[in-house]
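First the structure, in the form of structure tokens, and then the observations on it.
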């Protein structure tokens, strides 16, 4: 597994990097057969350290966790425990999907944009209806089954997953509804 361990305005020492590689490697190896790479980012938020970890699995799914603690090792240990708990919950489904899928998940490129938010200035009429684009990035959209997309949404903690359904051309969306259920948009 490839590791990318970094700090946002924090110096990450060799001892912490070795600790991250051994602990995260053991936790992920238990529940995922072939993880491909891991990205761990440490940052400081007032008096707490924040650890964000993202692990890409060979099945095409991505697991992520985030934790806070007063010391940097504690933040990583909490983050690693959350990651392990997520993977443990989905272990059977991860391995079942891995057996059914003989090839890696197919990805295709798409553009992702960040739009500027409109400040509420006493309900003043905007000059134009076109939003201002403040950033443009490239992203990948995976070809998944609906079950895999729901599992991806759960283990990544994201509110929405955009995917291409197996055997179909259009783009599908699964999302968490306000009532706690999961919604699925399948254009016909």
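The values are calculated or read from the model by the stated rules, or taken from the named source; none is laboratory data. Here the structure is a predicted model, which is why all the values come from computation and not from measurement. For neighbour counting, all protein chains shown are included, and Cβ atoms are generated from backbone atoms with ideal geometry for every residue, glycine included.
Of note:
- As a summary of the residue check, residue 19 satisfies the conditions (1) within 15 Å of residue 87 (Cβ to Cβ); (2) in contact (Cβ under 8 Å) with a residue 40 or more places away in the chain; (3) surrounded by 15 or more Cβ atoms within 10 Å (Cβ to Cβ) except for the one numbered (1).
- The single residue among 176, 164 that is closer than 16 Å to residue 64 by Cβ and more than 14 Å from the chain's Cα centre (by Cα) turns out to be 176.
- Candidates 117, 64 - the one that is at pLDDT below 90 and assigned by TED's automatic domain parsing to the domain that holds residue 153: 117
- Against the test of being at pLDDT 90 or above and more than 24 Å from residue 162 (Cβ to Cβ), the options 53, 27, 81 yield a single qualifying residue, 81.
- Within the range 24-49, the set of residues being crowded, with 18+ Cβ neighbours inside 10 Å and over 18 Å from the mean Cα position of the chain (by Cα) comprises just one member, 49.
- Here residue 147 meets each of (1) without any contact (Cβ under 8 Å) to a residue 24 or more places away in the chain; (2) surrounded by fewer than 13 Cβ atoms within 10 Å (Cβ to Cβ); (3) on the phi < 0 side of the Ramachandran plot with one exception, condition (1).
- Verdict on residue 38 being modelled with pLDDT of 80 or more, within 15 Å of residue 3 (Cα to Cα) and not in a strand (DSSP E or B): no
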